[in-house]
Amino acid sequence: MPIVFRAAAGAGRSYGATHSQMLEGWFMHVPGLKVVAPSTAEDARGLLISAIRDDDPVLMVEHKDLYKVRMPLSTEAVPIPLGLARVLREGDAATVISYSKAVHTAALAAAQLVKEGIHVEVIDVRSLKPLDTATIAASVRKTGKALIVTEAMSAAGPAAELAYQVMEGAFDYLEAPIVRLTTRETAIPFAPSLEAAVVPGVEDVAQAIRALAG
């Protein structure tokens, strides 16, 4: 059935427990439903075009906190194939795999760590189902280490599936256990300070990279 659903999700705006979850993990379990989660305006437009043209139902998960961010947008609307990841930053110390707003968190942490001589590769998955396993595996085979950063919960969530795909595609190349950094298993609080304490932040990602790449 060719239909596209757009869903706002995510924390960062003090909406509390009932309006701050990342729901992509729920919908990844639906047979035949494709799931994408863009991190930029350019990707959102390109993925939306491909979703509309697709013969299957597609869910686009849009992070609410990204609506307020000004981003560059080209004059030409170019479709982005579903199931195609993007290497946002190249490196060799470890591979950081993420999507949606968490990509920006990971990218900021990666930029900070350059000053410490740590150069990590950052992959924006963009499409969770289908998943670009080839790009992910190629990166981890190069770096030997993988950190998965998501705003979703860890139990049976997207990070678990990503970790499995890393294991399946690059197991013989792994030099350390796969690490998952996710939102804590709790209802998202209203208070901004508490909300920030349960969702992975830049320093959380940086510390995880240091521990993994060290």
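The values are calculated or read from the model by the stated rules, or taken from the named source; none is laboratory data. Everything numeric here is computed off the predicted structure, so don't read it as measured data. Please note: Cβ atoms are built from the backbone with ideal geometry, for glycine as well, and neighbour counts cover all protein chains shown.
Remarks
- Among the residues making up the range 116-161, those that are among the hydroxyl-bearing types (Ser, Thr, Tyr) and farther than 15 Å from Met22 by Cα are Thr133, Thr135, Ser139, Thr143.
- Boolean, Ser20 is buried (at least 21 other Cβ atoms within 10 Å of the Cβ), within 17 Å of the chain's Cα centre (by Cα) and modelled with pLDDT under 95: yes
- Any hit, the range 120-135, residues being surrounded by fewer than 21 Cβ atoms within 10 Å (Cβ to Cβ), on the phi > 0 side of the Ramachandran plot and not charged (D, E, K, R): no
- Within the range 143-165, the set of residues being at negative phi, among the aliphatic types (A, V, I, L, M) and surrounded by fewer than 22 Cβ atoms within 10 Å (Cβ to Cβ) comprises Met153, Ala155, Ala160, Ala163.
Yes/no matrix, rows are residues, columns are (1) closer than 22 Å to Thr105 by Cβ; (2) assigned by TED's automatic domain parsing to the domain that holds Val103; (3) of a type in the set (A, V, I, L, M, F, W, C):
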{"residue": "Thr133", "(1), (2), (3)": "no, yes, no"}
{"residue": "Ser139", "(1), (2), (3)": "yes, yes, no"}
{"residue": "Lys142", "(1), (2), (3)": "no, yes, no"}
{"residue": "Ile148", "(1), (2), (3)": "yes, yes, yes"}
{"residue": "Ala152", "(1), (2), (3)": "yes, yes, yes"}
{"residue": "Tyr164", "(1), (2), (3)": "no, yes, no"}
{"residue": "Glu175", "(1), (2), (3)": "no, yes, no"}
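- One residue alone among Pro72, Pro38, Pro79 is surrounded by fewer than 22 Cβ atoms within 10 Å (Cβ to Cβ) and at pLDDT 95 or above, and that residue is Pro79.
- Annotation: Lys64 fulfils all but one of (1) within 20 Å of Ser139 (Cβ to Cβ); (2) in contact with a Gly (Cβ under 7 Å, 6 or more places away or on another chain); (3) not β-branched (Val, Ile, Thr); the unmet one is (1).
- Verdict on Ala51 being among the hydrophobic types (A, V, I, L, M, F, W, C) and part of a loop (DSSP other than H, G, I, E, B): no
- Check on Thr75, out of contact with any helix residue (DSSP H, G or I) (no Cβ under 7 Å at 6 or more places or on another chain), of a type in the set (Ser, Thr, Tyr) and in contact (Cβ under 8 Å) with a residue 12 or more places away in the chain: no
- Wholly enclosed strands (runs of 3 or more DSSP E) of the range 110-214 bearing at least 1 residues free of Cβ contacts under 8 Å to residues at least 60 places away in the same chain and under 19 Å from the mean Cα position of the chain (by Cα): 121-124, 146-153, 179-183
- Cβ-Cβ under 6 Å pairs, at least 6 apart or on other chains, the range 49-71 side farther than 19 Å from Val103 by Cα, far side at pLDDT below 95 and of a type outside the set (S, T, N, Q): Asp55/Pro2; Pro57/Met1
- Residues (without any contact (Cβ under 8 Å) to a residue 60 or more places away in the chain and polar (S, T, N, Q)) located in the range 1-39: Thr18
- Those residues of the range 55-90 which are among the acidic types (Asp, Glu) and either part of a helix (DSSP H, G or I) or under 24 Å from Thr150 (Cβ atoms) (or both), in sequence order: Asp56, Glu62, Asp65, Glu90
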